[in-house]
Each structure stands twice: as structure tokens, then as C-alpha cells.
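Input: a single structure, listed below in C-alpha cells.
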Amino acid sequence: MVQLIYWIWYSIGAILLLTIGVPDALSFSNGLFLIFYALCAIDLIFSNNVKNQLSDQSVSWWKKPKFWVMAVVIWTGGMSVEWVGVHTGWPFGSYHYSYLFGPHLFAVPFTLGFAWIAVVGNSALLSGGGAGWKSKAIRAIKTGAWALMMDLVLDPVAHHREFWSWEAAGGFYGVPWTNFMSWFVMGGLLSLFIPPIPNNPVVQRKAKVLYQMFILLFGLLALQAGLYGSASIAALGILLAEGRHQYVVRKQVSAF
């Protein structure tokens, strides 16, 4: 159900964003999109853990302690670093948010915490693994790289559309380079709180499509705005995600 709601919301939002834009009366939908995206990623992360091994009864992921630990830590961690960033200019650079993502909590839209869950969760899904600290450390580096690639597409478009505004010139289409490095570091660190990723081809395919369609939308928006660097990175990200998925599938097949 979560997946269906997200894709319906995504389809409507994509059509509006790429044509007439989101009407002011529907501006609340921007924040809901982040929430649905986060729930979609969470649903995939916990999709292999929906059965209780003793009773074989269905157990909703929102009833699992691991879910709450992950969600609270990433939401709080993301909101905290955003709060520091907005008020001090560190580590991302000097910026401020509009109200297009909903009500603010200490000058940061509360839905931004869900954006961190979505981006880190989806990037971790692409990275795979995570059972044991060595595996988690490797996954953290990969997660940071996928999050960085997504942000190179997302942030210039968001800045252009005034979802948030950077106060200093320069960088990549007006976005400071420190912002992207911070996303790499924070994405990797927050991924340490995500449980092992399901070794399931169906889950991995859905995670790949989730990532690809997100950067496809913002890649098309970048193309419309003349942000050709971000549009090119979106195309590269789609290809890399596809290549990574095909590699993992072949590896799984050869293991049998």
C-alpha cells in the first residue's frame, strides 16, 4: 500500500512540476512527497523482516524496535545538522528554507527529517549489505556516494525553484561544494543506523527504480532550467544504478 501511494503521488507531482507547476493551494504536497518517499524506502528496508520467525505471523515494520531506532536517529540527526546549518552556515554553507516544504521547526521544515530518511535509506538500499561493522563501514562509503550523486541533481534544482536559497555565490550552480561533501559524510554516518539490507532481487530492483525515478524527475527539471551539469549527473546516476543492479543480480545467480 505504501508503495502504491508513493507512486500515485509521484506521478501526479511529476506531471505538475514538469508542466504547469504545483499550484499554491497544493503546496502542502511537497512535504507529503518527502514523507511518502521516506516510508517507501523504509518499507523496502524492512521487507524481509515482515515475518516473525517463531510464529510466522505477519509483523508490521512500524511495530519493530529497529525501525524506531533507525527512524528517530536519522530524523533527529538530519534535523539537527540542518538546524546547525541554517543558524551557523556550517557544515553546508549559508542558506535558508522557504515554506514550500511545510511548517518550520526552528527555521527548518519538519519534513526535512523525512528527506534524510528517504535519501539515506534509498542510498543504503542501493549499497546493500550492512551485517557487521566492517560491512556497515563499506556500505557507509557507498551510501555517501549515492547520496552525493542524488544531491548534485537535487540541490541545484531546489535552489533554482527557491525551495531553499543559498546566500553565497559560486559552487555548483550556486550551491557550495561544502554542501555536497557534507551530504557524503552525513549520509554515510547516518546509514550506520540502518539494519542489514534484504538480499532479495525483487527488493533490490524496487530500490533501484525508486532511486532512478527520483533523479530522473529532478534531472528533467534540471534540463528545463538549463542546469545541464545536474541533468548529465542524473543520467549518469540512472546508468550506474542500473549497472550496479545488474552486477548484483549476476553475482547472486552465479552463487547458486
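Computed values, structure above
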| item | result |
| --- | --- |
| Some residue of region 231-243 being crowded, with 17+ Cβ neighbours inside 10 Å and touching a strand residue (DSSP E or B) at 6+ places or on another chain (Cβ under 7 Å) | no |
| Residues that are under 17 Å from residue 190 (Cα atoms), open to solvent by 20 Å² or more (accessible area, probe 1.4 Å) and not aromatic (Phe, Trp, Tyr), drawn from region 82-107 | 84, 91 |
| Conditions (1) of a type outside the set (Gly, Ala, Ser); (2) touching a strand residue (DSSP E or B) at 6+ places or on another chain (Cβ under 7 Å); (3) farther than 17 Å from residue 233 by Cα; (4) open to solvent by 10 Å² or more (accessible area, probe 1.4 Å): number failed by residue 110 | (2) |
| Per-region count, region 149-180, residues touching a residue at least 24 places away in the same chain (Cβ under 8 Å) and open to solvent by 40 Å² or more (accessible area, probe 1.4 Å) | 8 |
| Single residue of region 121-137 satisfying the filter (among the hydrophobic types (A, V, I, L, M, F, W, C) and closer than 20 Å to residue 73 by Cα) that is surrounded by the fewest Cβ atoms within 10 Å (Cβ to Cβ) | 133 |
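The values are calculated or read from the model by the stated rules, or taken from the named source; none is laboratory data. In this text, all values refer to a predicted model and were calculated from it rather than measured experimentally. Neighbour counts are summed over all protein chains in view; Cβ atoms, including those assigned to glycine, are modelled from backbone coordinates with ideal geometry. Heavy atoms of the whole protein, side chains included, go into the accessibility calculation; ligands, DNA and RNA do not. Shrake-Rupley method; radii C 1.70, N 1.55, O 1.52, S 1.80 Å.
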